[in-house]
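Just below is one structure, and these are the notes that go with it.
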Amino acid sequence: MAERSATPLFGQDHVDRYRASDGEEGHDWQGTQTLLLTTTGRKSGEKHTTPLIYGTHGDDYLVVGSKGGAPKPPAWYLNLSENPEVEVQVKGDRFKARARTATPEEKPELWRTMTAEWPAYDDYQKRTGREIPVVVLTPA
């Protein structure tokens, strides 16, 4: 088991192991923390779950739509832009939340929170011409 834990988790394997272990495997990831975000596909209507680095601001959870600084935003961000009702799992805690993009006024503070979790977000922003969003997840 120790060998599996030493291997960084990615994609569906990360989701599966996080869910099966209530986050014992997968919450702590490469020096930071992750949650599972489930959105509804804007075209398919199907549920899609993505492991994402998160921070907190009060009772809200924060995630970043970086896609590593790619020119286009991640599919999960496009999905929640169409349907902001999402599901979140943090360790063993599963709850419904409402997602929204941080306003220009609040983004600088929230961006600092997130770059404290994952400093590479600053590099990702430099790589792309698009404004990388911070998403606020407010528990329902």
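The values are calculated or read from the model by the stated rules, or taken from the named source; none is laboratory data. Worth saying up front: this structure is predicted, and the values here are computed from it rather than measured. Virtual Cβ from ideal backbone geometry, glycine too; neighbours counted across all protein chains shown. Please note that ligands, DNA and RNA were not included when accessible areas were found on the heavy atoms of the full protein model with its side chains. Shrake-Rupley method; radii C 1.70, N 1.55, O 1.52, S 1.80 Å.
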Residue by residue through region 13-18, which ³J(HN,Hα) values in whole Hz follow from phi under the Karplus form 6.51 cos²θ - 1.76 cosθ + 1.60 (θ = phi - 60°), with glycine and proline marked x? 4, 4, 4, 4, 6, 4
Note to self: with every protein chain in place and a 1.4 Å probe, region 85-137 gives an accessible area per residue in Å² of 56 Å²
Report, by chain and number, residues whose modeled amide H sits under 5 Å from the one on Gln33, excluding near sequence neighbours (fewer than 5 apart, same chain). Tyr54
In whole Hz and in residue order, list the ³J(HN,Hα) couplings for region 77-92 that follow from phi through the Karplus curve 6.51 cos²θ - 1.76 cosθ + 1.60, θ = phi - 60°; x for Gly and Pro. 5, 4, 4, 6, 5, 7, 9, x, 7, 10, 10, 10, 10, 10, 6, x
With +1 assigned to the C-beta of every Lys and Arg and -1 to the C-beta of every Asp and Glu, and no other charges, what is the dipole magnitude of region 22-103 about the Cα centre in debye, to the nearest 20? 480 debye
Residue by residue through region 115-127, which ³J(HN,Hα) values in whole Hz follow from phi under the Karplus form 6.51 cos²θ - 1.76 cosθ + 1.60 (θ = phi - 60°), with glycine and proline marked x? 6, 5, 6, 8, x, 5, 4, 4, 5, 4, 5, 5, 6
Amide H neighbours of His57 under 5 Å, counting only residues 5+ apart in sequence or on other chains, H built in-plane at 1.01 Å? Leu62
Once you keep just the Cα pairs under 8 angstrom separated by 6 or more residues, what percentage relative contact order results for the chain? 26 percent
Would you mind telling me the share, in percent, of accessible area of the chain contributed by carbon and sulfur at probe 1.4 angstrom? 50 percent
How would you order 87-98, 121-132 from highest to lowest mean count of nearby Cβ atoms within 10 Å? 87-98, 121-132
Charges at C-beta only: +1 for Lys and Arg, -1 for Asp and Glu. How large is the resulting dipole of the chain about its Cα centre, in Debye rounded to 20? 540 debye
I need the peptides 25-31, 35-41 ranked by packing, meaning the mean over residues of other C-beta atoms within 10 angstrom, with the highest value on top. 35-41, 25-31
